[in-house]
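Before any comments, here is the structure.
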Amino acid sequence: MLEIRNLHARIAEDGTEIIRGLNLTVRAGEVAAIMGPNGSGKSTLSYILSGRDDYEVTEGEILLNGESILELNPAERASKGIFLAFQYPVEIPGVATMQFLKVAMNEQRKARGEEELTTPDFIRRVKEAAAKLQIDQAMLRRPLNVGFSGGEKKRAEILQMALLEPSLCVLDETDSGLDIDALKIVADGVNALKSPDRATIVITHYQRLLDYIIPDTVHVLYKGQIIRSGDKALAHELEANGYADIIGQAA
C-alpha cells in the first residue's frame, strides 16, 4: 500500500535535512510500528506523509497504492485515504465538534463521488462510533478539543478516524499523555479499524503501546533512516536494552 523509496527531506525554512535516504514498505492489512530516539525523524515522517508544507522533499518517492503523492496537497492526500492522528491535537475554538465531523465526512464522500450523508444517518454513525470509544455525547457538543483532557483529545481523533475510514492511518505518538485506561480505549478503537484494506503506522517511543496495538513489523528510525526492521520481538529488545546497541551495529 505504502512504499517510500530513498526519501530525503528537510525543513523548508532553514534547509536542515531530517530524513536521509529512508526506505519503508507497509502492506495493506499491516500494522507497522516506527520507533527511535528523540530527533530521529519520526514525527517529521508523519508530517511529510500528510503533506505539511514546512517540510520539503528533495529526493525520493512516496507511493500510495502505486501512485505518487508528493505533488498532492494535504486535502488531496486526505481524500486519497491518508489520516494523521497528532501527538498533540490542537484546540479549535468556535468550531463545533459535530459540525467538524459532518463537514469532514461529507468532503471525503464528495471526493469519492458519493452522496452526502443525511443528518439522521450522520448522527447515527457518530453515536455508534462514539459509544465504542466511551465518548460522552456532551463532549461532542463542545468546540473541537477545547477543554478536552489528553485522553479525550486522543479518543476524539480515533473517532474521526473511525468515521472517515482512511486506507492509511498514521498515529504520531498517540500514547503520549494517556493513562492506562485511556490507552486501552484508544488501542481498542485502533484495533477495531484493522482490516485487509487498511494499513496503520504507529509511531511511538515506548513498547507499552505495542502491548495493546500488536504490530506486524517494527522499524527503528535513526538520523532519518531505517536502521533495523523486525517483528514485535524487536520492540521488546528495545525496551530491555535501549537503542545504543542497534545504533552501534548500524554505525
Please identify the pairs in which a residue from the stretch 206-225 that is among the small types (Gly, Ala, Ser) has its Cβ atom under 9 Å from the Cβ atom of a residue that is part of a strand (DSSP E or B) and surrounded by 23 or more Cβ atoms within 10 Å (Cβ to Cβ), counting only partners at least 6 apart or on another chain. 224/7; 224/9; 224/19; 224/22
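Step by step: first the residues of the stretch 28-46, then only those that are closer than 16 Å to residue 61 by Cα and of a type outside the set (A, V, I, L, M), then the one that is nearest to the chain's Cα centre (by Cα). Which residue is that?
46
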Enumeration of residues in the stretch 234-248 that are free of Cβ contacts under 8 Å to residues at least 12 places away in the same chain and assigned to a helix (DSSP H, G or I): 237, 240, 241, 244, 245, 248
Just for the stretch 55-73: of the residues that are of a type in the set (Asp, Glu) and not in a loop (DSSP other than H, G, I, E, B), which one is surrounded by the fewest Cβ atoms within 10 Å (Cβ to Cβ)? 67
Condition set under 16 Å from the mean Cα position of the chain (by Cα) and in a strand (DSSP E or B), scope the stretch 15-27, selection nearest to residue 212 (Cα to Cα): answer is 26
Are any of the residues in the stretch 95-105 in contact (Cβ under 8 Å) with a residue 12 or more places away in the chain and closer than 23 Å to residue 177 by Cα? yes
Could you check residue 208 against (1) touching a strand residue (DSSP E or B) at 6+ places or on another chain (Cβ under 9 Å); (2) among the basic types (Lys, Arg); (3) at pLDDT below 90 and say which number it fails? (1)
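Listed here are the residues, each with its yes/no results for (1) more than 27 Å from residue 28 (Cα to Cα); (2) free of Cβ contacts under 8 Å to residues at least 60 places away in the same chain.
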| site | (1), (2) |
| --- | --- |
| 76 | no, yes |
| 87 | no, no |
| 92 | yes, yes |
| 109 | no, yes |
| 112 | no, yes |
| 132 | no, no |
| 138 | yes, yes |
Please pick out the residue among 104, 78, 138 that is exposed (fewer than 13 other Cβ atoms within 10 Å of the Cβ), outside any strand (DSSP E or B) and not acidic (Asp, Glu). 138
Please go through the stretch 1-14 and pick out each residue that is outside any strand (DSSP E or B) and either in contact with a strand residue (DSSP E or B) (Cβ under 8 Å, 6 or more places away or on another chain) or among the β-branched types (Val, Ile, Thr) (or both). 1, 12
How many residues of the stretch 141-167 are crowded, with 16+ Cβ neighbours inside 10 Å, under 19 Å from residue 94 (Cα atoms) and of a type in the set (Val, Ile, Thr)? The answer is 0
Could you please tell me which pairs satisfy a Cβ distance under 7 Å, a separation of 6+ or placement on different chains, a first residue in the stretch 45-66 that is within 20 Å of residue 1 (Cα to Cα), and a second residue that is outside any loop (DSSP other than H, G, I, E, B) and basic (Lys, Arg)? 50/77; 51/77; 60/5; 61/5
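The values are calculated or read from the model by the stated rules, or taken from the named source; none is laboratory data. Everything numeric in this text was worked out from a predicted model, so none of it was measured. Methodologically, a virtual Cβ is constructed for each residue, glycine included, from the backbone with ideal geometry; neighbour enumeration extends over all protein chains shown.
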